[in-house]
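Below is one structure; the comments refer to it alone.
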Amino acid sequence: LIASAINCILAQRLIRQICNRCQQPAELSDGDRIWLQAVIDGPEFQCFEGSGCNQCNDTGYLGRVGVYELLRFDEPMMDALRQEDQAEFSRLAISSDSYHPIIDHCIEKLRNGTTTVSEVMRLTGSLN
C-alpha cells in the first residue's frame, strides 16, 4: 500500500545562518580541517564564522535556513517496499542516483558562506 502511494521522501532540518553583519573568514581548528577533508570531495574553500555583534546578540548567528535530503523512488525500491525487505530497500536507496543526502546540502551551505563548520558538524553528527 505504501509503495503505491509514495513517490519520494523529503527530510528537512534547520541550520543556523551566520550573521551578515559580523561574518568573517574562519580560523579552522585541526579537528575541523581533518573532518572537512574526510567529508568533502574537491578543492578546499574558505569557511566563515560570525564574530558576534549587536545584531545577533553576540552569537555570530542570525536566523536559520532549511537543509534537505531527498529520495525519489524507482521501481526496484517500490518492489522492496512491497516485499517488506528493509535491507534491500536501504541498499537500493543509498546507491540510487535519485538520493541526495542532507550532508551534501549542508556542505553547499558551508561552501557559499551561509553557515559554519561547527553547525554542519552539529547537524550531521546527530544523523549518524
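Please treat every number below as a calculation from the coordinates, not as lab data. Bear in mind the structure is a predicted one, so any value in this text is a computation, not a measurement. Here the Cβ is made from the backbone with ideal geometry for all residues, glycine too, and neighbour counts use every protein chain on show.
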Charge dipole (the stretch 38-128, unit charges on Cβ, about Cα centre) - positive-most of Thr116, Gly50, Gln83
Gly50
Rounded tilt (10° steps) of 30-39 against the dominant C-alpha axis of the chain
30 degrees
Under the rule rounded for a/c under 1.5, else prolate if a/b exceeds b/c, else oblate, using alpha carbon gyration tensor axes a ≥ b ≥ c, the chain is classed as prolate
For the chain, take the longest principal axis of its alpha carbons; what is the angle in degrees between that and the long axis of helix 86-95, to the nearest 10 within 0 to 90?
50 degrees
Could you compute the FRET efficiency for Asp74 and Val39, with r as their C-beta to C-beta distance and R0 at 30 Å, rounded to 0.05?
0.70
Nothing charged except the Cβ atoms of Lys and Arg (+1) and of Asp and Glu (-1): what's the magnitude of the dipole of the stretch 1-88 about its Cα centre? Round to the nearest 20 debye.
580 debye
Using the basic label-point model (7 angstrom from Cα toward the beta carbon), what is the Asp30 to His100 distance in nanometres?
3.8 nm
PRE zone check, label point 7 Å out along Cα-to-Cβ of Arg111, amide N under 13 Å, scope the stretch 19-44, hits 40-44
Between Cys8 and Ala87, what FRET efficiency follows from the Cβ-Cβ distance if R0 is 25 Å, with the result rounded to 0.05?
0.75
Please compute the length gained on full extension between Arg64 and Asn20, using 0.36 nm multiplied by the number of residues separating them and subtracting their Cα-Cα distance.
14.6 nm
